[in-house]
Structure formats: structure tokens, C-alpha cells
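Below is one structure, written out as C-alpha cells; comments come after it.
Nothing in this text is a laboratory measurement; each read-out follows from the coordinates by a stated rule. The model shown is predicted, which means the values in this text are computed figures rather than measured ones. Cβ sites come from the backbone with ideal geometry, for glycine too, and all protein chains shown count toward neighbours.
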């Protein structure tokens with residue numbers, strides 16, 4: 001019984017660390033040369049900005065949903081017309097979901113570190129290819 005209690009406490013602490021890390025990352029949205037701002041539109045027509053990492057594979061631009069909070073990713077499924085601000089330039093793109101072999105290639109080309117995966121709670125990773133409009 002004592003071991004089960006220790007495991008339960010460790011699990012609660014781990015979940016708390018993941019929630020704190022994800023919340024702080026979402027609140028501060030750190031931006032740098034390897035990020036871009038994606039503007040998505042929800043079902044009510046309201047637009048939302050999110051800082052995401054820019055990824056490249058085979059000369060194409062991608063972004064990834066690497067975290068549990070991923071409203072921006074769901075919004076691209078409903079409305080794939082997005083705006084991107086990258087290097088101070090705003091442009092229109094279409095968000096194209098990525099699957100299969102392309103997903104595996106982009107994931108291999110842009111792998112995440114183990115510590116990052118631990119801190120984010122090992123969420124599934126989804127990619128969107130950004131096609132200029």
C-alpha cells in the first residue's frame with residue numbers, strides 16, 4: 001500500500017509539473033527566429049494568435065501541435081485559411097494536415113528532445129504544412 005501511495009503522489013507531482021510548464025509556455029508564448037505567429041479563426045469568426053515553432057522539411061514550411069493545448073490546430077481543421085507572421089512579414093496561407101509518410105519525414109527532420117517531451121507530458125504530435133495562398 002505504501003508503494004502505491006508513493007507512485008500516486010509522484011504521478012500527481014508529475015501532472016502538476018506538466019500543467020505548470022504548459023500553462024507558462026502558453027501564457028508567455030516565447031518568440032524568436034525559429035518561431036512564427038499563426039492566426040486562426042474559430043467557428044464564431046474570432047481570430048486568435050499563437051506563437052509556434054517553424055519547421056522545415058523538403059523545402060516546405062510546417063508547424064506542429066506539440067502540446068496538449070491545441071485549439072489553434074483544431075481551428076485549422078475547421079478553417080484552413082490562416083495568416084502567418086514570420087520575420088515581420090504577414091502572409092496568407094492554407095493549413096494542410098499532414099499524415100503518413102510525410103508526417104514521419106517531418107517528425108524525423110524536426111525531432112523533439114526527451115526533456116521537452118517529458119515536460120509536456122508526451123502529447124501526440126500533429127503537423128500542418130503551410131501552403132502560400
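A simple spin-label model places pseudo-atoms 7 Å from Cα toward Cβ; at residue 21 and residue 118 they are separated by 0.8 nm.
For the chain, what does -39500 (n - 2.57) per DSSP helix run (n ≥ 4), summed and divided by total residues, give at 222 nm, in deg cm²/dmol to the nearest 500? Mean residue ellipticity, 222 nm, calculated: -12000 deg cm²/dmol. The long axis of helix 100-109 is offset from the longest Cα principal axis of the chain by roughly 80 degrees.
Using a/c under 1.5 as the rounded threshold, could you call the range 14-64 rounded, prolate or oblate? The axes a ≥ b ≥ c are square roots of the C-alpha gyration tensor eigenvalues, and prolate needs a/b larger than b/c, oblate otherwise. Since a/c reaches 1.5 but b/c is at least a/b, the shape of the range 14-64 is classed as oblate. Recomputing Cα extents along the principal axes in Å from the coordinates shown identifies the correct label among [x] 39, 38, 22; [y] 41, 29, 24; [z] 60, 34, 27 as [z]. The GNM of the chain, with springs linking C-alpha atoms under 10 angstrom apart, assigns the highest mean-square fluctuation among 39, 78, 120 to 78. Normalising the average separation of contacting C-alpha pairs (under 8 angstrom, six or more residues apart) by the number of residues puts the relative contact order of the chain at 27 percent.
Summary of the geometry: the range 27-55 and the range 71-108, compared by the centres of their Cα atoms, lie 11 Å apart. Relative to the longest principal axis of the Cα atoms of the chain, helix 2-28 runs at roughly 30 degrees. Shape index of the range 77-120: Rg/Rh, with Rg the Cα radius of gyration and Rh the Kirkwood radius from the inverse mean 1/r over Cα pairs, equals 1.09.
If I take R0 = 30 Å and measure r between the Cβ atoms of residue 105 and residue 9 in this structure, what FRET efficiency does the formula 1/(1 + (r/R0)^6) give, to the nearest 0.05?
Numbers: r = 41 Å, r/R0 = 1.36.
My answer for the efficiency is 0.15.
Multiplying the residue separation of residue 31 and residue 131 by 0.36 nm and removing their Cα-Cα distance gives an extension gain of 33.8 nm.
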